[in-house]
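First comes the structure, then the notes that go with it.
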Amino acid sequence: MDLRKPILWVHEEALGPANPALQDYPNAPGLFVFDDAWIQDQAISRKRIGFLYESALSLPLTLRRGDVAAEVLRFAQRHGADAVISSTAVDPRLQRIAAAIDRELPLWMLDPDPFVDLPKPPRLGRFSRYWRGAEAVVWEGF
């Protein structure tokens, strides 16, 4: 990729220092957006919002709240960006947001290293459902 001035969109599936966008483009301005619609529609707990907030604060990111695609595109415009770089997402909601961004500005999705290699696709929704499928694989060999 020959990108001269990208920005980073960091979403909740890769909200940590192992995010490949943060690793590959450490000097690019980064953004995390609290998605108002997702928080209201899913009735996300304050505890989870607090976890996301604390995780985002530990990274070199600007934090915003609102419509994710619109906020990412505003951030890109403000920085004169020629592209957006993010990490590949599993969640269909994040995939829809990525597609909306990509319609306006080139979006490059980088594949993160998986936390665990699951024998079948993860069940999305609650973390406990995911963990029930992942736990045995994580502890295998210990």
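The values are calculated or read from the model by the stated rules, or taken from the named source; none is laboratory data. This structure is a prediction, so every number in the text was calculated from the model and none was measured. Neighbour counts are summed over all protein chains in view; Cβ atoms, including those assigned to glycine, are modelled from backbone coordinates with ideal geometry.
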Please verify whether region 125-138 includes one or more residues that are among the acidic types (Asp, Glu), over 16 Å from residue 16 (Cβ atoms) and in contact with a helix residue (DSSP H, G or I) (Cβ under 8 Å, 6 or more places away or on another chain).
-> no
Considering only residues of region 1-10 that are farther than 11 Å from residue 108 by Cβ and touching an Asp or Glu at 6+ places or on another chain (Cβ under 8 Å), which is surrounded by the fewest Cβ atoms within 10 Å (Cβ to Cβ)?
-> 4
Looking only at region 31-69, which residues are of a type outside the set (A, V, I, L, M), in contact with a Phe, Trp or Tyr (Cβ under 9 Å, 6 or more places away or on another chain) and part of a strand (DSSP E or B)?
-> 32, 34, 62, 64, 65, 66
Just give me the residues in region 3-53 being of a type in the set (S, T, N, Q) and within 19 Å of residue 79 (Cβ to Cβ), in sequence order.
-> 19, 27
Which one of these is charged (D, E, K, R) and crowded, with 20+ Cβ neighbours inside 10 Å: 41, 35, 24, 67?
-> 35
The number of residues in region 73-107 that are in contact (Cβ under 8 Å) with a residue 40 or more places away in the chain and polar (S, T, N, Q) is 2
Consider only pairs whose beta carbons are under 8 Å apart and that are at least six residues apart or on different chains; among these, list those whose first residue lies in region 52-68 and is in the same structural domain as residue 101 (by TED's automatic domain parsing) and whose second residue is surrounded by fewer than 17 Cβ atoms within 10 Å (Cβ to Cβ) and assigned to a helix (DSSP H, G or I).
-> 63/53; 63/57; 65/36; 66/36; 67/36; 67/37
Would it be correct to say that residue 76 is buried (at least 20 other Cβ atoms within 10 Å of the Cβ), closer than 17 Å to residue 36 by Cα and of a type in the set (Gly, Ala, Ser)?
-> no
Applying the selection to region 105-119, what residues are surrounded by 11 or more Cβ atoms within 10 Å (Cβ to Cβ) and not β-branched (Val, Ile, Thr)?
-> 105, 106, 107, 108, 109, 110, 112, 115, 118
Hey, could you check region 79-104 for residues that are part of a loop (DSSP other than H, G, I, E, B) and either buried (at least 20 other Cβ atoms within 10 Å of the Cβ) or of a type in the set (S, T, N, Q) (or both) and say which is nearest to the chain's Cα centre (by Cα)?
-> 88
Of the residues in region 54-63, those that are over 20 Å from residue 74 (Cβ atoms) and surrounded by 15 or more Cβ atoms within 10 Å (Cβ to Cβ) come to 55
Considering 28, 21, 76, which residue is at pLDDT 90 or above, assigned to a helix (DSSP H, G or I) and farther than 29 Å from residue 121 by Cα?
-> 76
